[in-house]
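Asks: First the structure, then my questions, so here it is.
The values are calculated or read from the model by the stated rules, or taken from the named source; none is laboratory data. Nothing here was measured: the structure is a model prediction, and the numbers come from that model. Using ideal geometry, Cβ is built from the backbone for each residue, glycine included, and neighbour counts are taken over all protein chains shown. Note: areas computed on protein heavy atoms with side chains; ligands, DNA, RNA excluded. Shrake-Rupley method; radii C 1.70, N 1.55, O 1.52, S 1.80 Å.
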Amino acid sequence: MILLVTSHANGKLTKATYELAGAARAIGREGPITALVLGSGVSQVAAEAAKIAEQVLVADRPELAHYDPEVWSAAVAQVAQEGEAHTILIAASRGGREYSPRVAVKLDAPLLEDVVSLHDSAGKLIAERYSFLNRVSETIEANGPVVVVSVKPGVFAPAAPASEVAEQFDVDLDLPQPRVKVLQQVKEASDRVPLAEADVVVAGGRGVGSPQGFTNLIVGLADQLGAAVGATRAVVDAGWRPYAEQVGQTGKTVQPKAYIAVGISGAVQHLSGMNRSKCIVAINKDPDAPIFKIADYGIVGDVQEIVPALIEQLRK
Amino acid sequence: MRILTLVRQVMDAQESVRIANNAVELDGRKLVMDTMDEYGVEEALRLRESGLQVDVIAVGIGPARVEDVLRTALAMGADRAIHVETDTALDPIALSAVIAKIAQSETADLILCGGQQSDWDSQGLGAAVAERLGWPQATWTRALKVEANIATGQHDTDDGVESFQVQLPVVITTQQGLNEPRYPTLPNIMKAKRKEIRKDSLDSYAVTPKVKTTGVAAQSRQRLKKIMDGKDASAAAAQLVHSLRNEAQVIQ
């Protein structure tokens, strides 16, 4: 079977889960496509999963209320073993990329990490992924009958929910105690469109001048476009913006239809988080800024003048 | 306490990517310690300097040239190094088996490794090592303290920042923000020449790659590079909005 590990937030499946289902259908391997729902109080999520899979396995337990890499990897590996899964699909969120290697080790399986394409060729799983700070595409092939795959969010076409509803089964799991104690969580949730799911991202660097400048220019332009907000490491380190908005090697990787970089010079670590965007727009006062080398459109000028003019133009 | 700090040798991030013989060409390019791993070496040294009785061992796996980054770790202040010499490229899952064996034979209490490799862009190594050893892990750590066998720190998750506490032994993956790695001083570079690098061969570890790379291509997206002068802000803005709406069709 193909085991698809769902992820959910606020009682709903994530977009990345629909993309996993899309990948599972396109892979060209024998099913059944089986969705695994882990959590506490997840009956609603399980019902939603029943529309994108051929069967649903549910572990609804209080110990699963919070994600922990050891608990999650133990759960997924047990289900994979008992169900004789040959392909295990996990969304390559930061959490997914953190526990999927443990699943691979438990199953003595190869890990295809953060893949952007996936297909079966004569029994072998072949994938493409990006490397060298997102600047290279590699074709990789898994060596083994059981393969763990983490799938890059925002790449695969999401599966459309079916009208028929798959059968649900409760699974019994032998779970370890989490050993990492979480002392405090600072959630940086916002009501904006999530970075990884946005069609348009407006991102700001130190060039916007100040936290107030960021709010006026970046948030202002994002509001006008219904876009997500991104920031550089320098802006986050300076405390102007929350970490959740950071784009780059140590933040999030995005590939929206349009990425509008304002006051960002374009350090390679930042570029690695956005250089696969469909259309890149750069606004910067320095004509030699590296960001212009990968831009489709650019304006060389003062961001304090250009951005308000853009907002004004969009309002028309 | 014994700390293993994993160091990998990668192409400097400022070098541009060139492909030759179906691989990213490394010949004649500037090769450095992966910056993500530098934070691990630095953190190990800081733990020692915080007053803990610490033995810092740098571990490198790869061709003969990997000795260069092990020397760098020794010059930064690591006590000794282990070099498993091989020309076989190992994926993180296979590589983790080698590191776990070294950790066992060295009776390590703490393993530090970079949160993401800047050549394979993999985040898998730390977690895979932890799993092989049956240890917990904390990834993307930006602050760390060790007292009485308890590690306390802060790390980044999907939702934000989390403070954690965990008993040793543990694998911690490191990233920018954790510390500011030191530059080796000349006297320390000289001293490092006399420090031990134990050579080991991959044969004794009986690992084979689990993933094979069959093709490599540099990113080929051509950018339009239509760069305008913004002296007249409203004219440039009007032109850009027009282009994005009608030409690129990426905004409403």
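Asks: Using a probe radius of 1.4 Å on heavy atoms only, what accessible surface per residue do you get for chain B? Whole Å² is fine. Before the final figure, lay out the partial values.
Replies: Details: 10930 Å² over 252 residues.
That works out to 43 Å² for each residue.
Asks: What residues of segment B:45-62 lie in the reach of a label at B:ALA143, counting those whose backbone N is under 18 Å from a point 7 Å from the Cα along Cα→Cβ?
Replies: Within reach of a label on B:ALA143, which here means backbone N under 18 Å from a point 7 Å along Cα→Cβ, segment B:45-62 contributes B:46-47, B:50.
Asks: Alpha carbon centre of segment A:176-208 versus segment A:43-81: separation in Å?
Replies: Cα centres, segment A:176-208 to segment A:43-81: 23 Å.
Asks: State, to one decimal in nm, how far the label point of A:GLN212 lies from the label point of A:ASP288, with both points 7 Å from Cα in the Cβ direction.
Replies: Roughly 3.2 nm, to one decimal.
Asks: Moving on. What nm distance separates the two modelled labels at B:SER16 and A:GLN185, each placed 7 Å from Cα along Cα→Cβ?
Replies: About 4.5 nm, to one decimal.
Asks: Here's a follow-up. What is segment A:195-315's relative contact order, in percent, from Cα pairs under 8 angstrom and six or more apart in sequence?
Replies: 25
Asks: Turning to a different aspect of this structure: Could you pull out which residues in segment A:4-32 have an amide N less than 14 Å from a spot 7 Å beyond the Cα of A:ASP60, following the Cα-Cβ vector?
Replies: Under cut-off, by backbone N: A:11-12.
Asks: Identify which of B:GLN219, B:GLN116, B:GLN239 has the largest mean-square fluctuation in a Gaussian network model of chain B, with springs joining Cα atoms closer than 10 Å.
Replies: Result: B:GLN239 has the largest fluctuation of those listed.
Asks: Any residues in segment B:145-166 that have 50 Å² or more less accessible area with all protein chains than in their chain alone, probe 1.4 Å, and which are they?
Replies: Residues losing area: B:ASP158, B:ASP159, B:VAL161, B:GLU162, B:SER163, B:GLN165.
Asks: If you count only protein heavy atoms with a 1.4 Å probe, what accessible area per residue comes out for chain A, rounded to a whole Å²?
Replies: 38
Asks: How large, in percent, is the carbon and sulfur part of the accessible surface of segment A:195-315 at a probe radius of 1.4 Å?
Replies: 48
Asks: A drop of at least 40 square angstrom in accessible area, chain alone versus all protein chains together, probe 1.4 Å. Which residues of segment B:104-132 meet that?
Replies: B:SER118, B:ASP119, B:TRP120, B:ASP121, B:GLN123, B:GLU131
Asks: Another one. For chain A, what relative contact order do you get, as a whole percent, if you take Cα pairs closer than 8 Å and at least 6 residues apart?
Replies: Answer for chain A is 14 percent.
Asks: Rounded to the nearest 100 Å², what is the buried accessible area between B and A, both sides summed, probe 1.4 Å?
Replies: That pair of chains buries around 7100 Å² in total.
Asks: Let me ask something else about it. Filter the cross-link list B:LYS101/B:LYS145; B:LYS101/B:LYS199; A:LYS124/B:LYS212; A:LYS278/A:LYS316; A:LYS152/B:LYS226 down to pairs whose alpha-carbon distance in this structure exceeds 18 Å.
Replies: On the way: B:LYS101/B:LYS145 26 Å; B:LYS101/B:LYS199 15 Å; A:LYS124/B:LYS212 11 Å; A:LYS278/A:LYS316 25 Å; A:LYS152/B:LYS226 30 Å.
From the list (B:LYS101/B:LYS145; B:LYS101/B:LYS199; A:LYS124/B:LYS212; A:LYS278/A:LYS316; A:LYS152/B:LYS226), the Cα-Cα distance tops 18 Å for B:LYS101/B:LYS145; A:LYS278/A:LYS316; A:LYS152/B:LYS226.
Asks: While we're on this one: Based on Cα positions only, what radius of gyration and what Dmax would you give for chain B, in angstroms?
Replies: 21.7, 68
Asks: Sort B:LEU240, B:LEU144, B:LEU186, B:LEU224 by heavy-atom solvent-accessible area, probe 1.4 angstrom, most to least.
Replies: In descending accessible area the options line up as B:LEU186, B:LEU224, B:LEU144, B:LEU240.
Asks: Given axes a ≥ b ≥ c from the Cα gyration tensor, I'd like to know whether segment B:49-162 is rounded (a/c under 1.5), prolate (a/b larger than b/c) or oblate. Write down the numbers at each step before the final one.
Replies: Working: a/c = 1.61, a/b = 1.21, b/c = 1.33.
Here segment B:49-162 falls in the oblate category.
Asks: Could you grab the relative contact order for chain B? Cα pairs under 8 Å, six or more apart, rounded to a whole percent.
Replies: 23
Asks: On to the next question. Starting from the Cα gyration tensor of the protein assembly as shown, take the square roots of the eigenvalues, sort them a ≥ b ≥ c, and report rounded, prolate or oblate (rounded when a/c is under 1.5, otherwise prolate if a/b is larger than b/c, else oblate). Mind dumping the intermediate values first?
Replies: Numbers: a/c = 1.59, a/b = 1.14, b/c = 1.39.
Since a/c reaches 1.5 but b/c is at least a/b, the shape of the protein assembly as shown is classed as oblate.
Asks: Could you compute the longest span of chain A free of GluC sites (Glu not before Pro) located in DSSP loops and having at most 16 other Cβ atoms within 10 Å, not counting the site residues?
Replies: It works out to A:189-316.
Asks: Now for a separate question. What residues of segment A:298-315 lose no less than 20 Å² of accessible area with every protein chain in place versus their chain by itself (probe 1.4 Å, heavy atoms only)?
Replies: Buried by 20 Å² or more upon assembly, which counts only protein chains, are A:GLY298, A:ILE299, A:VAL300, A:GLU305, A:ILE306, A:ALA309, A:LEU310, A:GLN313, A:LEU314.
Asks: Return the distance in nm (one decimal) between the two label points of a simple spin-label model at A:PHE169 and B:ILE150, each offset 7 Å from Cα along Cα→Cβ.
Replies: Output for this residue pair reads 4.3 nm.
Asks: Sticking with this one: Using a/c under 1.5 as the rounded threshold, could you call segment A:61-120 rounded, prolate or oblate? The axes a ≥ b ≥ c are square roots of the C-alpha gyration tensor eigenvalues, and prolate needs a/b larger than b/c, oblate otherwise.
Replies: Note, shape of segment A:61-120 comes out oblate.
Asks: Probe radius 1.4 Å, ligands and nucleic acids ignored: give me the carbon and sulfur share of the accessible area of segment B:1-130 as a rounded percent.
Replies: Percent of accessible area from carbon and sulfur atoms in segment B:1-130: 42.
Asks: Expressed as a whole percentage, what fraction of the accessible surface of segment A:2-170 belongs to carbon and sulfur atoms when a 1.4 Å probe is rolled over the protein heavy atoms?
Replies: Numbers: 3000 of 6090 Å².
So the carbon and sulfur contribution to the accessible surface is 49 percent.
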